[in-house]
Each structure stands twice: as C-alpha cells, then as structure tokens.
Amino acid sequence: MTKSLDRNAWVDLYDRHARDLHRYLALRVDAAIADDLVSEAFLIAWERRDTFDPARASVKAWLFGIGTNLLRQHVRSEGRRLRAWARDHGRRAVADGVDDRTASVVDAKSLVSDLSEALADLRPEERDVLLMVAWAGLSAAEVAEVTETPVATVRTRLFRARARLRARINGQEGDGDA
C-alpha cells in the first residue's frame, strides 16, 4: 500500500477483511473487545500503510499479524484465565448432579474443561498457530506470514498442538511430548 491509497480503496480493504479478523478475534476474546481490537488494527494498518510490503505478505496476513499482536498485548494472561474457567466449569459440573438428561451436559462440560486446560497448557506459539488455523481459517503459509516464521515451523507447531490435544482427549496426558 502506498500513501496514495484513497478512501474508497481503504473502505474496500475494510469490507474484505474486517469481518474475518473480527470473527477470529471474537473467538479468542469478548465480542466487544474484538470490536476494539479490529478498530485498533485498522488504525495501526492505516498509520503504517507505507511500511506494508506486498512481496513479504498478503494484506490479509498483514492485518491478521497486527490483530494477533494486539490480541497478545490484551490477553497476556490467557493461560491463567483458561485454567480458572476450566476449574469453574468443573465445580459446576459436579454441583449440577447427574441424571439421564444432564449426563450429556456434564460430559460436554468436562470435555470443554479438559480442552480449555489443554489449550492453556500449550506453548503460546503452538496455541496461536492452532487457533489461527482452526478459528480464523488461515493456511499454514498465511500463519507463517502472520507470525514471521518459516512454514515448516508453523506446520510443526500445528502438528504438536494437535497431538497434545488428541492425547489429552484420549486420556494419555503424560509429559506433553506427544
């Protein structure tokens, strides 16, 4: 992008990418916070439009990179909050009691609790890669652009994150080196 980017081109850029960026961010944080993060991401993108290099990354990857960095700044304590959420749901599942109708709800809560803890236990870079692929629908190449890491590294992190989650679901917790 250049300084000559006119208002219509910027509106078009926003129309093409804001919804996807918001959807990704809203899966990680509250929708209202995602609104703020998207707005801030586009403000930063506008301020830094002269530094954008289309040879280095696509516009979508560039915007997701800005959004992800803002998200990291906002959610530095994501692991602690996920663990607290998992503990709270575990207590509620026990307090609800178990009958035929609630058994499936308790199982679902338990699985959500386990997955939340498993996500919290992932290394931050593995969690980011997994969630960008699963929630934002980014390809490994796009995640590599966002995180400024080689595609092979992204694929390795994604493989390890999936393996750890799979092991957790199957009850094979071990040392996390699945």
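Between Glu47, Glu40, the distinction of being at pLDDT 85 or above, loosely packed, with under 13 Cβ neighbours inside 10 Å and not hydroxyl-bearing (Ser, Thr, Tyr) belongs to Glu47 only. Scanning the stretch 137-167 for residues that are aliphatic (A, V, I, L, M), within 14 Å of Phe64 (Cα to Cα) and surrounded by 16 or more Cβ atoms within 10 Å (Cβ to Cβ) yields Leu138, Ala140, Val143, Ala144, Val146.
Restricting attention to the stretch 118-136, and to residues there that are aliphatic (A, V, I, L, M) and modelled with pLDDT under 85, which single residue is surrounded by the fewest Cβ atoms within 10 Å (Cβ to Cβ)? Break it down stepwise before answering.
Step one: list which residues in the stretch 118-136 are aliphatic (A, V, I, L, M), which gives 118-120, 122, 129-134, 136.
From what is left, the residues that are modelled with pLDDT under 85 are 118-120, 136.
Details: Ala118: 21, Leu119: 21, Ala120: 17, Ala136: 21.
Restricting to residues being aliphatic (A, V, I, L, M) and modelled with pLDDT under 85, the top hit is Ala120.
Of the set (1) at pLDDT below 90; (2) among the aliphatic types (A, V, I, L, M); (3) open to solvent by 60 Å² or more (accessible area, probe 1.4 Å), all apply to Leu115 but (3).
Summed over the stretch 115-156, residues that are assigned to a helix (DSSP H, G or I) and within 18 Å of Ala61 (Cα to Cα) total 23. Keeping to the stretch 50-70, report how many residues are of a type outside the set (S, T, N, Q), open to solvent by 40 Å² or more (accessible area, probe 1.4 Å) and in a loop (DSSP other than H, G, I, E, B). The number of residues fulfilling the criteria is 4.
The values are calculated or read from the model by the stated rules, or taken from the named source; none is laboratory data. This is a predicted model, so every value here is computed, not measured. So basically every Cβ, Gly included, is an ideal-geometry build from the backbone, and we count neighbours across all protein chains shown. In case anyone asks, the SASA skips ligands and DNA or RNA and just uses the protein heavy atoms, side chains included. Shrake-Rupley method; radii C 1.70, N 1.55, O 1.52, S 1.80 Å.
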